[in-house]
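Engineer: Below is one structure. I have some questions about it.
No lab work stands behind these numbers, since they all come straight from the coordinates. Because the structure is a prediction, the values reported are computed rather than measured. All Cβ positions, even for glycine, are placed from backbone atoms using ideal geometry, and neighbour counts span all protein chains on display.
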């Protein structure tokens, strides 16, 4: 009887082995990163680009109606829309590009909108 | 978009955010005025300071054209009187869509759906742990959105539907044949009429920046859903 493996069988066993190795080495869901790890990552991958609050952040800005929106927005202009608890608000991308960050409330929920 | 509620030492607080002026992996950083912790604006995770490790709760939002949004919410308010411009203000997906993907979910499970691929498939039934998701795109206007496709104890599979109702883009679920509005997630005709699917956290991202934040994140490559014989 011939005990030698055919090429197909050999390849199959090698593939099976590879699957096991990959499965073992794949990181499983661990504990969330510690503050030290997060801060290390943050400080190693960030740099100051502009001064603090160089972008004029908005706080509870005055909102207009759909009619006001129609006066200044083109129909094809993009907005970030949020709807919560029966209230809907839209933040045009062109505005968000300028202010970058808005502290506001929608349907009573305090939210931050950023772009 | 993030909720500003956090728990600090067992107490519920509302944070106010400012702009730190720092870029972390090409994404701007916000600080909170209460503790001066530093937050990644795109993930909502505090990276440094007292609140490091705290995750802001995300709220589903839509990034769509103004005409689309006001048809979905006729009584919407809009931030109309404010400064405009800035680099990212001009960088919107319908002009530069190849550079963008729709990021769905959060943290290690977040997944990016490149607009180019979404445009090819129009509707993608997929899994973003722990959700069965459907990612949709309006090919004419390059706007995309993601929903959970679980309704009650059923997980639905959606296909594009040719029919249009008053300008709405529709899809149909295979199991019941119900017609759904692709962007509001409401069932408008058929056995499930009146139900809706849950919008998920999804944000259009520049693919290159997404890769820097979610270094182990999965980028969608093609539909894994089995094709019918």
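Engineer: Using 7 Å Cα-to-Cβ label points, what is the residue B:71/residue A:105 separation (nm, one decimal)?
Structural biologist: Those two pseudo-labels are separated by 3.3 nm.
Engineer: Could I ask something else about it? As an exercise, use a Förster radius of 56 Å and the Cβ-Cβ distance of residue A:52 and residue B:195 to find the FRET efficiency, rounded to the nearest 0.05.
Structural biologist: 0.75
Engineer: Now a separate question. How far apart, in nm, are the 7 Å Cα→Cβ label points at residue A:36 and residue A:62?
Structural biologist: That separation, rounded to one decimal, is 5.2 nm.
Engineer: To continue, here is another question. How many nm separate the modelled label positions at residue B:175 and residue B:219, each set 7 Å beyond the Cα in the direction of the Cβ?
Structural biologist: Here the modelled spin labels are 3.3 nm apart.
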